Amino acid sequence: MTARKQPKYKHWQLATDIDNVLWLSIDRKGESVNSLSLEVLSELESIVDEMDNQPPAGLVLQSGKPGSFIVGADVREFDGYDDAEKASEGIGRVHRLFNRIEALRFPTVVIIDGFCLGGGVELALTFDYRIASNVDHTRLGFPEIQLGIYPGFGGSARSIQQMGASNAMSIMLSSRNLRAKAARAMGLVDELVDAHGSLRWAARRAIRQGRKSRQPGQLTRLQNIGPVRKQLARIMRKKVAARANPKHYPAPYQLIDAWERYGDDPQRMMAEESVRVGKLITGQASKNLRRVFFLMERLKGIAKKTDIKVRRVHVIGAGVMGGDIAAWCVLQGLEVTLQDRELKYIEPALKRAKSLFKKKLRDRAKVAGATSRLMADVEGKGISKADVIIEAIFEDVEAKRELFASLEPRMKADAVLATNTSAIPLADISSVLKKPGRLIGIHFFNPVAKMPLVEVVHDKKTTAKQIARAAAFCGVINRFPLPVKSAPGFLVNRVLSGYMAKAMSMHMEQKIPIEVLDKAATNFGMPMGPVELADTVGLDVCMNVVTLLGGESTEKEAALLQEKVDAGKLGKKSGQGFYRWEKGKPQKESAASGGHNLEEIANTLLQPYFDACKSALDDGIVEDADVLDAGMIFGTGFAPFLGGPLHYLKQQEQNND
């Protein structure tokens, strides 16, 4: 195989083999992953010009970065569009380029190994035939909805033609990533090559045989006719409305509307992409959601500041939090020993863990493997072998002190020693240790399998090395680390305590139904209301936090919580709290406003939330306002479309000037 000498490209490598097949490798210079920047696309345009002038016998597109294909368009360049018309023009230029690739008069094949997302999938869809490596690191999907837009490089039209309307729309609307096998089953990929096979040989064979992607069958194509589209669109809107308010998140509704009107006309669908995505990408919701994306990347970066080798984790406390922490660590491939006073306290956690494994892994052999990595350990034999030790017992400072004093002489010298306390300052626990600087807070949130944030709690005695290693451990288990200074409630519970206490106060003193309080919060944009949140967190946990943080101002609220806890009404985990819970869902009465002004209620509810955010920043609990916003979005679900609480307040001030 010989490399072409001219022209020389910055981000693309060209080589022609003995059969005159052009092997085109994308390898974006200076970046760890490939993304489609304007410069990358401009070079690709020149390469297409070259192929038009000197057509090869075939074209194979692959990545020059091992184990990674194309993660999408370069999100950093989205802010370069200052108005919708310019954005539409830019999208139209990409359409013309991709149409030219689709129209090439020789066989074209793409090799997908690693993440192929967004614009990467859209580019792949312009090729005749798609081959993917059937390994765990290969994923395909359209994440654009999470950025407040929908696929705009021809993806909405081409995916529907390729996969059928139901499959394509479900993937685009959910932003769900597909494993290679699932992508093959849905028609997005044409051929799979296992870990021991040769992707290059499969591509050569496909070029030689002129293979083309198989189109959907007649029954699947019927989904795209007018009357059926109208019915399916109605169902899609209903499903999307259950999780996204159209006032807050317009993108999925724009996609459904475009498909309902023009789904049987691919060229019109692409024209709609230019106009609709151009408007969305310059809208405030998309700008704020892109801000959330960059905040997420910043937290991921904190996890990468140092390396840590973790194989074994030991969790002490097999309650809901401890058991779920253990199960999550197992899901990430680690061996976990789970300790409690007696086996009978561990068995419910093992049962819950197996249910989680079945739900997440969906493969009998993988479930069996995960189950074998989670071991009951009443005697604590795993302590001496563990790389990370996490205490997750009940919130009692003396009990924790006694436990840590017994742990220190038994553990490895380089092990991470952590507490999952939700509010107790580290200094109150670490004083019993010979080396208090090694104790770190690794504070998870409930439900562990769904909440992506972990507070990494430190104080003046905590070493920088321990902070970095704890953050790196969060990265190992696929969680976002948020470094916070040790202070009562840390960050998340400090902010939430006043918010939830205010809801209880308004319920008791103003007789506002709990359903109305929750409805006001979700109308504002919160994922769930404060009362449902309290039930989800656990009323016993809420009581401890409110008691610790609230002082005299929240005595009535603490008494109400105590009354519930004494009656065994702990919330979701006991099946009864403020709400009655069935199959994991709160049973609510009508959430009609009943004459209440929901906007005013939301403003009153959220004032303590905003005040606590500002005071936490002033007290230096986190590094800066952006980190605080990230913590509140990923730790409390603060409305992502608003870009974070402090960012929202800043925008409100600007709008009022």
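Where a number appears in this text, it was derived from the coordinates with a stated rule and is not lab data. Just so it is clear, the model here is predicted, and its values are computed rather than measured. With ideal geometry, Cβ positions are generated from the backbone for all residues, glycine too; neighbour counts draw on all protein chains shown.
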Handout entry: Karplus 3J(HN,Hα) series, Hz, for region 299-305 with 6.51 cos²θ - 1.76 cosθ + 1.60 (x for Gly, Pro)
Key = 5, 4, x, 4, 5, 9, 5
Exercise for the section: Report, in degrees rounded to the nearest 10, the 0 to 90 angle that the Cα long axis of helix 514-524 makes with the longest principal axis of the chain. Expected result: 40
Practice task
Quick one: compute the contact order of the chain, relative version, from alpha carbon pairs under 8 angstrom and 6+ residues apart, as a percent.
Solution key: 9
Problem - In order through region 215-229: 3J(HN,Hα) via Karplus (6.51 cos²θ - 1.76 cosθ + 1.60), integer Hz, x for Gly, Pro - result: 7, x, x, 4, 4, 5, 5, 5, 4, 9, 7, x, x, 5, 4
Practice task
Take the cross-link list Lys344/Lys585; Lys29/Lys304; Lys465/Lys485 and give me the ones stretching past 25 Å between alpha-carbons.
Solution key: Lys344/Lys585
Problem - Separation of alpha-carbon centers, region 453-497 and region 84-126, rounded to whole Å - result: 41
Handout entry: Residue pairs, from the table Lys511/Lys569; Lys65/Lys360; Lys65/Lys181; Lys358/Lys573; Lys238/Lys569, whose Cα atoms sit over 24 Å apart
Key = Lys65/Lys360; Lys238/Lys569
Fill in the blank from the handout: Taking a ≥ b ≥ c as the square roots of the Cα gyration tensor eigenvalues, with a/c under 1.5 meaning rounded and otherwise prolate when a/b beats b/c or oblate if not, region 306-492 comes out prolate
Completion exercise
With DSSP loop assignment and no more than 10 other C-beta atoms within 10 Å, the trypsin sites (Lys or Arg not before Pro) in region 500-590 are Lys511, Lys583
Handout entry: Sorted peptide list for 415-421, 609-615, 353-359, 225-231, criterion being average Cβ within 10 angstrom, highest first
Key = 415-421, 609-615, 353-359, 225-231
Problem - Projected-area average for region 1-116 over all orientations - Cα convex hull basis, square nanometres - result: 7.6
Handout entry: Which of His314, His647, His196, His443 has the fewest Cβ neighbours within 10 Å, and the rest in rising order
Key = His196, His647, His443, His314
Completion exercise
The long-range amide H neighbours of Ile112, using H built 1.01 Å from N in the peptide plane and a cut-off of under 5 Å, are Ile131, Ala132, Ser133
Exercise for the section: Take region 493-620, drop everything but the C-alpha atoms, weight them equally and run the Debye formula without solvent; then report log10 I(q)/I(0) at 0.20, 0.22 Å⁻¹ to two decimals. Expected result: -1.17, -1.38
Problem - Partners for Lys354 among aspartates and glutamates (Cα-Cα distance below 13 Å; same-chain residues under 8 apart left out) - result: Asp324, Asp363
Fill in the blank from the handout: With only helices counted (DSSP H, runs n ≥ 4, each -39500 (n - 2.57)), the per-residue ellipticity at 222 nm for the chain, to the nearest 500, works out to -15000 deg cm²/dmol
Problem - Gain in span if fully extended, Glu297 to Ser174, counting 0.36 nm per residue against the direct Cα distance - result: 42.2 nm
Practice task
Return one number: the angle in degrees, 0 to 90 and rounded to the nearest 10, between the long axis of the Cα atoms of helix 555-566 and the longest principal axis of the Cα atoms of the chain.
Solution key: 80
Handout entry: Fraction of antiparallel bridges per DSSP, the chain only, in percent to nearest 5
Key = 25
Fill in the blank from the handout: Per principal axis, largest first, the Cα atoms of region 509-548 extend in Å by 29, 25, 13
Completion exercise
Quick P(r) readout (region 497-564; Cα-Cα; 10 Å bins; whole %) gives 23, 56, 21, 0
Exercise for the section: Return the label of the correct value of Cα extents along the principal axes in Å, as calculated from the structure shown, out of (1) 103, 84, 55; (2) 86, 61, 46; (3) 79, 61, 47. Expected result: (3)
Practice task
Please list, or write none, the lysines whose alpha carbon is within less than 20 Å of the alpha carbon of Lys650, excluding same-chain residues fewer than 8 places away.
Solution key: Lys287, Lys614
Problem - Coarse-grained scattering of region 609-656 at q = 0.31 Å⁻¹, given as base-10 log I(q)/I(0) from a Debye sum over alpha-carbon atoms - result: -1.22
Handout entry: Of the GluC sites (Glu not before Pro) in region 581-657, those whose Cβ has at most 12 other Cβ within 10 Å and which sit in DSSP loop
Key = Glu589
Handout entry: Set of aspartates and glutamates with alpha-carbon distance to Lys309 below 14 Å, sequence-local pairs under 8 removed
Key = Glu335, Asp387, Asp414
Problem - Protection proxy ranking of 485-491, 529-535 - average other beta-carbon atoms within 10 Å, highest first - result: 529-535, 485-491
Handout entry: D_trans [Stokes-Einstein, Kirkwood Rh over alpha-carbon pairs] for region 422-494, 37 °C, 0.692 mPa s, µm² s⁻¹
Key = 266
Fill in the blank from the handout: With N residues in region 2-282, Rg(alpha-carbon) / (2.2 N^0.38 Å) equals 0.97
Exercise for the section: Please give the helix 343-361 orientation as an angle from the longest Cα principal axis of the chain, in degrees from 0 to 90, rounded to the nearest 10. Expected result: 20
Fill in the blank from the handout: Phi angles of region 90-100, converted by Karplus (6.51 cos²θ - 1.76 cosθ + 1.60, θ = phi - 60°) into ³J(HN,Hα) in whole Hz with x for Gly and Pro, give x, 5, x, 5, 5, 4, 5, 5, 5, 5, 5
Exercise for the section: Compute the separation of the alpha-carbon centres of region 267-313 and region 177-201 and state it in Å as a whole number. Expected result: 26
Handout entry: Shape call, region 65-108: gyration tensor on alpha carbons, a/c limit 1.5
Key = oblate
Practice task
Would you pull out the residues with amide H under 5 Å of Val484's amide H, same chain only if 5 or more places away, H placed 1.01 Å from N?
Solution key: Val456, Val457, His458
